[in-house]
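The values are calculated or read from the model by the stated rules, or taken from the named source; none is laboratory data. Worth saying up front: this structure is predicted, and the values here are computed from it rather than measured. In this analysis, Cβ positions are derived from the backbone assuming ideal geometry, glycine residues included, and neighbour counts consider all displayed protein chains. Only protein heavy atoms, including side chains, enter the accessible area calculation; ligands, DNA and RNA are left aside. Shrake-Rupley method; radii C 1.70, N 1.55, O 1.52, S 1.80 Å.
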Amino acid sequence: MIPWLPEAHLFPPVATALSEPNGLLAAGGDLSPQRLLAAYRRGIFPWFSAGEPLLWWSPDPRMVLFPDELKISRSLAKTLRNADYEVRLDTAFGEVIRACARKPRAGQSGTWITPEMQQAYRELHRLGHAHSVETWIDGKLAGGLYGIAIGQAFYGESMFADARDASKIALAHLCAYLKLRGFGIIDCQMETRHLASLGARPIPRCDFAARLEALCAHDDAAGRWPAAAIDGHFRQRP
C-alpha cells in the first residue's frame, strides 16, 4: 500500500517508495506550485495518466545527466556549428509543452502531459521556476524541451523534435547554459536507451537525494531566463 497525501505539502521519505513498480511513493494531493516545488526538492515527481489518481514517484536508481558529460556526436557537433537554427530561452513555453504532449511516444497510447499537468507547469513558468529551451528553424519552433530549475538543479520533464536533431540542439544549449550558471545536475527521471546515448547515467537514489540537498540550497533566484542568453554558443571560435 502507498500513502494518500495530506493537504499539507508533505511527502513520505523517498526510501519508502515501492520497488515494484519502481519508485511509486504516494497518491493524491494536488499540482499546486507549492506542492510541486516541495516534491522536486526531495527528488519526487508526478506521473499519471488521465483518469488515474495523481501519483508521485522517486525511482531507484535515478537517471541523471551531468551537464559536462553530454555526449555530442560528430554529426551533432557539425550541426551545432553549421546548421541554420536559432536557440531561444523561455519565449514559447506553452508551445513547447503542448508539442511535447502531442508527440507520439513508443509504447504509449496517450500522454501523461494532461491538460491539468500543462496548466500546472505553465503556472510554474509564470512564477519563474519552469523554463523552456527552444530550437527555431526558418522562424518556426522545430524542437525543444522544458523543465524545472531549483537552486542549481534542473529537472528535465520532456522534449520534442519536429526536425532532425532539433531536441538535441536544445539539450546541448541547455547543458552549456547550466554550466555557465553553475548548475550541477539534470534530472532525467527514468532510464532510457536514448538518454544513455546522450551521456545520462543512473545513480543510486540516496546519492541523488544528497546532491539535491546541496544544489537546491544554493540561492538561484526564480525568474525568466534571458531569451538570447546562449544562442550562437557553439558557433563561437576560440
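Can you pull the Kirkwood radius for the stretch 137-238, inverse mean 1/r over Cα pairs, to one decimal in Å?
It is 15.0 Å.
Given the C-alpha atoms of the stretch 2-80, compute the convex hull and give its volume per residue in Å³.
Hull volume normalised by residue count: 156 Å³.
How many percent of DSSP beta bridges within the chain run antiparallel, rounded to 5?
Once the DSSP bridges in the chain are tallied, antiparallel ones form about 90 percent.
Could you order the peptides 77-86, 40-49 from most to least packed, using the average number of other C-beta atoms within 10 Å per residue?
Top to bottom by mean Cβ count within 10 Å: 40-49, 77-86.
Share of the chain's accessible area from carbon and sulfur, percent, 1.4 Å?
52 percent
Using a Cα-Cα cut-off of under 17 Å, which lysines could be cross-linked to LYS179, ignoring same-chain neighbours fewer than 8 residues away?
LYS71, LYS168
Among GLY51, TYR40, PHE66, whose Cα lies farthest out toward the positive end of the dipole of the stretch 20-98, if unit charges sit on the beta carbon of Lys, Arg (+1) and Asp, Glu (-1)?
PHE66
Normalise the Debye intensity by I(0) for the stretch 112-166, one equal point scatterer per Cα, no solvent, then take log10 at q = 0.17, 0.21, 0.24, 0.26 Å⁻¹ and round to two decimals.
Taken in order of the listed q values, log10 I(q)/I(0) reads -0.60, -0.85, -0.99, -1.05.
Using θ = phi - 60° and the Karplus form 6.51 cos²θ - 1.76 cosθ + 1.60, what ³J(HN,Hα) does each residue of the stretch 64-70 get, whole Hz, x for Gly and Pro?
Couplings: 9, 10, 7, x, 8, 10, 4 Hz.
Once the other residues with Cβ under 9 Å from the Cβ of ILE148 are scored (Lys, Arg +1; Asp, Glu -1), what is the net sum?
Neighbourhood net charge equals -2.
In nm², what is the average projected area of the convex hull enclosing the Cα atoms of the stretch 16-162?
For the stretch 16-162, the mean projected area of the Cα convex hull comes to 10.1 nm².
Output the Cα-based Rg and Dmax of the stretch 44-100 in Å, rounding Rg to one decimal and Dmax to a whole number.
Computed over the Cα atoms of the stretch 44-100, radius of gyration and Dmax are 17.2, 47 Å.
Considering only the other residues whose Cβ falls under 9 Å of the Cβ of GLY23, what net charge follows from Lys and Arg at +1 and Asp and Glu at -1?
Residues near GLY23 contribute +1 overall.
For ALA27 and ASP162, what is the calculated FRET efficiency with R₀ set at 25 Å and r taken between the beta-carbons, to the nearest 0.05?
E between ALA27 and ASP162, to the nearest 0.05, is 0.10.
With a probe of 1.4 Å, find how much accessible area the chain has per residue, and write the answer as a whole number in Å².
48 Å²
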